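Working notes, beginning with the structure itself.
Readers should treat all values here as calculations from the given coordinates under stated rules, not as data from a laboratory. From a predicted model like this one, the values you see are computed outputs, not experimental measurements. Backbone-built Cβ (ideal geometry, glycine too); neighbour counts: all protein chains shown.
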Amino acid sequence: MQIDDAYPGGERNGGKSGRGSKNKQAFVIAAQTDETLQRPKFAVIEPVRTFTNISNKVITDWSERRLMPETEVYSDGLGAFRRFADAGHAHTVLETAGRRAATEVNGARWVNIVLSNVKRSIGGAYHPFNQRKYARRCQGEATYRFNWRFKLRKLMPRLLTAMLLRGPCATKMLRQASNFLG
């Protein structure tokens, strides 16, 4: 499993750019690959509140919910990701030179490609939107399409069934939904 932190979202008019932007949303992105780390199988993208010291519990809870026991995890040196080893996962910290070189390292390549494709997909379809408020829904849609990309014949019937079983949903209810799980 290749795991990284991500901060989708852009600068708001007159606002701060970079990680400190009020429109940035912290995410955990994980890409499951085959044993050779050459082909992605599935992806998970979930918003988290932060990647600071407070995030130790956030990462521990995420790994309990999303990772099978003893999963082999590849990540960068982010401090919060040390919790994977504490949870019993084989954790390999990838040493990179940073910037573009970090995306080419074996063990980090696919998580970065998936993230790039998802960000491009959302940017092309939705243009600017409030990341803190709606990011989970847009990321969820893009992840769903990625995970079902080789099962296209089943994708539409499954989606239609889900829509019919859900029924109508008021706009007010949609706008009240939290961006975070739990």
What does the net charge come to around Ser75 if you take all other residues with beta carbon closer than 10 Å to its beta carbon, with K and R at +1 and D and E at -1? -2
Name the residues whose placed amide hydrogens come within less than 5 Å of the amide hydrogen of Val73, ignoring near sequence neighbours (fewer than 5 apart) on the same chain. Ala90, His91, Thr92
By average C-beta atoms within 10 angstrom, highest first, the peptides 59-70, 143-154, 37-48, 159-170: 37-48, 59-70, 143-154, 159-170
In the structure shown, do any of Lys24/Lys151; Lys41/Lys172; Lys41/Lys154 have a Cα-Cα gap over 27 Å, and if so which? Lys24/Lys151; Lys41/Lys172
Place the peptides 24-33, 76-85 in order of packing, highest mean first, counting for every residue the other Cβ atoms within 10 Å and averaging per peptide. 24-33, 76-85
